[in-house]
Every structure is written in C-alpha cells, then in structure tokens.
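Undergrad: Below are the structure tokens for one structure; questions will follow.
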Amino acid sequence: MTVAEIRQLIRYRFDRFCYTQRLLAGIFDRSLAFTGPKVVQIDIANTCTNTCLACWIRSPLLHGTVCADPIHSQQLPFGVVERVINDLADLQTQCIYLSGGGNVFTHPDLLEIVRLIKKRGMFVVLHANFVNCSQDEARQLVEAGVDDVTASVWAATPETYVATHPDKTAADFEAMVRVLTIIGQIRNQGGVFRMYNVIMNQNYHELEAMVEFARQCGASGVHFAMVDILPGKTDSLLLDEDQLDRLRDMVQRLDEKRDLYRNQYGLDIRDFDLFKQRVFARLADSGGYDRDQLVAERCYTGWMFLRVLGDGNVNSCLKSWRYPLGNIYQTSIRTIWNNGLQQEFRRKALFMTHHEDYFRLIGNNPSDDIGCYRSCDNIANIIEVRELLERLPEWRKSLARCSRPLYRLQHRLVRSNQCKHW
Ligand code: SF4
C-alpha cells in the first residue's frame, strides 16, 4: 500500500466515524438531524407511457382513479433539479436515486442530470422500465458514469412481460432486452446492473426463470418485491394460499442456489432474506408483509432519506405522500430537511404505536391501524440503523449523546446563516 492510499484509507475511516456519530446524535436528539439525508430519491418525471398492472398510478385495474393524484405531465425542470442536487451535495448526501412517479427516460435532461450528480461526487442510481430508452441513450448513460442501474422488468419471458404490461408487445420486450445488454456494460466500469421484479399472481411462476434471465442479460443482481396492492382496486393481483405455497417452494430452492449464482456468475440475489420474510409473512395473502418486522419497531428513515416528487413536494419516506413537508419550488431542500414537519415525523416515528392516527395515513390503505405494516419501502434504511445501534459499543453511543448540544449549537448557527441567503 502506498502512502497516498494509506492517507486515503484513514480519511475514509475518519469521515465514516464522524458521519455515524452525527447520525446517532440526531437519533438521540429525536428531532433534528446533524447529517444530511444519506439517500434522496428525486422523481424527475411523472410522465410515463407504460400501464404496468401493479402501478399505483396507471394500472388499468384502477379504472382511471389514481393513488397519489399526481399530475401526469409534470417534470422537474433542469434548473430546479440542479439547485436541489447542489444543495444535497453541500449536505454531503451520498446517493441520489432517480426513479419514481413516471419513467425517467421521458425527461429531456436525464443525461445532464446524471452528469451533474457525478460531477458533485455523489453515487447515482437509476431505476426505470427502459421502455423509452434507445440503444444510443443507453450507451450515453453508460458513458455518463451512472453507478447503479435497476431495470424494472417483472418477467423472464415475452408472454409474462405482456401479461404484466397490458399495453406492451413481445417486440417491446425484445427491444428492451437489446437495450439492457448495452446497459450491462456498466459492470466493466465497476457499476451495478440489477433486474427488479414485482411478484404477483401473474408472474410468480417465473421466479427462478427471472434469476436465469438476469444472468443471461449480464446483470450483477436481481431483486424481488411482493406486489403492494391498492386495497379495493388491485387486490386481484394477490397470490392465494396455493400460489403462495408454490412460491415458498421456489424461494427455498432459490435460497439453496444463491451462493452458486454469486460465486459462479457474479449475480447477487439482493435482499433475498427480506423478500423471504415477506413471502412467508402471516398476512401475505392479504398483502400485509411487514407487520411482523415493524411491530413495536422504531422507524429511523427520517434521519436517512428524503423523496422529492415530480410536483416539487418533499416527503419523509416513500409511503408518506399524504404528508408533504414543503415544496422545492418555494423552499430549499436544506431548510425542509430539518423543518418543523420533518422533526414531527422523526419524533412520531420513534414511537409509531403511540401515533396511530398519524401512521394510519401512511401508505395506500387508510383503514389499516398503521399503514406501514402493509409494506415499508424504506425498510432497508430502518434495518441499517437498527443494526448499527446493536453493533456499536456503548462508548460510541455515549459520545454521540454528549456531542448533541454541540451539534445543536452548530445547527442553530448554520440555520441563521442560511436564512440570510434564502
Ligand atoms: S412506511 Fe412507515 S415505517 Fe416505513 S419509512 Fe415510512 S413511516 Fe417509516
């Protein structure tokens, strides 16, 4: 190891230590965050030409009613996205996740946005259906240095692709596969390329074939999620007990092959333990996947994450669209990150069961006692902090507690300085 490499390693460890201490101090504070959000999802476009069967916005099963009432033609202008990205870089956000209400490829400035994120030194993840992506765009995306691409496919064969995407054809599937083969080249530059599959009764029989398909497309990972239904609207996509039993058998078989796929083909079946827990959940046949995981749990997402919607509204988590924190057209994301509404979310999320009225409105079914129990899309953030709290020695936690007044003072000084500029 050279001297420069040793220096770099020490710097990296020190930065990580400081980040963790500030994160913990925020959690012990219960209201403020003393780090920036680690990951921010930006929905740059609500526009999309697909009508995926399980989509909360455009599924034909909704018969025209929509979940979060987005305005379908909305896109965030480049200038607004640029301001948000620059603010997040200053807050030391680590990852920008481009995905959301529509298809990112319908945004005219997608490549510029990817280049800007890279220029500001952040990790960029792009999650899309690859329907409007040409082979040329795919090449430019690889050249722009995107770090992580997740292709939402939901099938291993043209027949199942058409079954889960009613307005698409087998030819669309073949065209998408050609584009994905180009995207796979990001692996040569150290990038990650994943396939994402929402599992429902229309495609569960292809679970194992989806892994094989991902391997053939040159993916480095494959990810499964159970369908998150809109009660009363898309319930017909749920698996019944027989189908769940068959799926559970497939999950067991796949579990035994995970090491083989990883070691022989470099293909990671990502978050498979979490998927397994959801498939085996007591209430899986009614779409209640996360009750056992979240009961009596605290939610730490408020210290890790933000989502910017296509209309500029900002949410604390992927399911809290009924609680806008502010809008980036009017307020800077720096201010929103620690504003009163976000502090309220953090305080309540540490004691979810004490605030049922609040958490009932999270997610897609306000008749649940706590909406999060159905399916929490930020559960990875919660698990990350929970494991950190379990793993760290007591002295680290005590140090974070003692540092809290200092960070609070620093926060007040920074805030008064920001007010002068906004
Ligand atoms: S869905 Fe509920 S548990 Fe999950 S991040 Fe949102 S508030 Fe927290």
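The values are calculated or read from the model by the stated rules, or taken from the named source; none is laboratory data. Here the structure is a predicted model, which is why all the values come from computation and not from measurement. Virtual Cβ from ideal backbone geometry, glycine too; neighbours counted across all protein chains shown.
Undergrad: Away from the ligand (no atom under 16 Å from the Cβ) and either buried (at least 18 other Cβ atoms within 10 Å of the Cβ) or over 27 Å from LEU91 (Cβ atoms) (or both) - does that describe any residue in segment 286-300?
TA: Yes; the residues of segment 286-300 include at least one that is away from the ligand (no atom under 16 Å from the Cβ) and either buried (at least 18 other Cβ atoms within 10 Å of the Cβ) or over 27 Å from LEU91 (Cβ atoms) (or both).
Undergrad: Which of the residues belonging to segment 165-186 are touching a residue at least 60 places away in the same chain (Cβ under 8 Å) and either under 17 Å from GLY221 (Cβ atoms) or surrounded by fewer than 16 Cβ atoms within 10 Å (Cβ to Cβ) (or both)?
TA: PRO166, ASP167
Undergrad: What's the total number of residues in segment 309-325 that are over 20 Å from ILE379 (Cα atoms) and touching a Ser or Thr at 6+ places or on another chain (Cβ under 7 Å)?
TA: 1
Undergrad: Follow-up question, since we're still on this one. In segment 227-261, how many are in contact with a strand residue (DSSP E or B) (Cβ under 8 Å, 6 or more places away or on another chain), within 14 Å of LEU207 (Cα to Cα) and assigned to a helix (DSSP H, G or I)?
TA: 3
Undergrad: Where the second residue is more than 11 Å from the ligand (Cβ to nearest atom) and in a helix (DSSP H, G or I) and the first is at negative phi and without any contact (Cβ under 8 Å) to a residue 60 or more places away in the chain and lies in segment 360-380, which pairs have Cβ atoms under 6 Å and are six or more apart or on separate chains?
TA: ASP369/GLU356
Undergrad: A follow-up question, please. Criterion first (among the small types (Gly, Ala, Ser) and either within 14 Å of ARG404 (Cβ to Cβ) or surrounded by fewer than 21 Cβ atoms within 10 Å (Cβ to Cβ) (or both)) does GLY26 satisfy it? Explain how you work it out, then say what you get.
TA: Numbers: among the small types (Gly, Ala, Ser): yes; either within 14 Å of ARG404 (Cβ to Cβ) or surrounded by fewer than 21 Cβ atoms within 10 Å (Cβ to Cβ) (or both): yes.
The answer is yes for GLY26.
Undergrad: Quick one: LEU306 ticks every box in (1) in contact with a Phe, Trp or Tyr (Cβ under 9 Å, 6 or more places away or on another chain); (2) at pLDDT 90 or above; (3) more than 13 Å from the ligand (Cβ to nearest atom); (4) among the aliphatic types (A, V, I, L, M) except a single one, so which number is it?
TA: The single condition LEU306 does not satisfy is (3).
Undergrad: From GLN135, GLN216, GLN189, grab the single residue that is surrounded by fewer than 18 Cβ atoms within 10 Å (Cβ to Cβ), polar (S, T, N, Q) and without any contact (Cβ under 8 Å) to a residue 12 or more places away in the chain. Give the derivation first.
TA: Numbers: GLN135 fails: without any contact (Cβ under 8 Å) to a residue 12 or more places away in the chain; GLN189 fails: without any contact (Cβ under 8 Å) to a residue 12 or more places away in the chain.
Matching residue, one of GLN135, GLN216, GLN189: GLN216.
Undergrad: Something else: Given (1) assigned to a helix (DSSP H, G or I); (2) more than 14 Å from the ligand (Cβ to nearest atom), where does ILE383 come up short, assuming only one miss?
TA: Going through the list (1) assigned to a helix (DSSP H, G or I); (2) more than 14 Å from the ligand (Cβ to nearest atom), ILE383 breaks only (2).
Undergrad: Let me ask you something else. Is it fair to say LEU237 is in contact (Cβ under 8 Å) with a residue 12 or more places away in the chain and more than 16 Å from the ligand (Cβ to nearest atom)?
TA: The answer is yes for LEU237.
Undergrad: State which residue is nearest to the ligand (Cβ to nearest atom) when the search covers only segment 337-379 and only residues that are of a type in the set (Gly, Ala, Ser) and modelled with pLDDT of 90 or more.
TA: Taking the candidates together, the pick is ALA349.
Undergrad: Looking at segment 369-380, which of its residues are outside any helix (DSSP H, G or I) and under 12 Å from TYR289 (Cβ atoms)?
TA: Across segment 369-380, the qualifying residues are ARG374, SER375, CYS376, ASP377.
Undergrad: I'd like the full set of residues that are away from the ligand (no atom under 16 Å from the Cβ) and either over 24 Å from SER416 (Cα atoms) or among the hydroxyl-bearing types (Ser, Thr, Tyr) (or both), limited to segment 309-336.
TA: Scanning segment 309-336 gives GLY310, ASP311, GLY312, TYR329, THR331, SER332, THR335.
Undergrad: Tell me the residue from ASP292, ASP285, ASP311 that is assigned to a loop (DSSP other than H, G, I, E, B), of a type in the set (Asp, Glu) and touching a Leu at 6+ places or on another chain (Cβ under 9 Å), please.
TA: On the way: ASP292 fails: assigned to a loop (DSSP other than H, G, I, E, B); ASP285 fails: assigned to a loop (DSSP other than H, G, I, E, B).
Residue meeting the stated conditions: ASP311.
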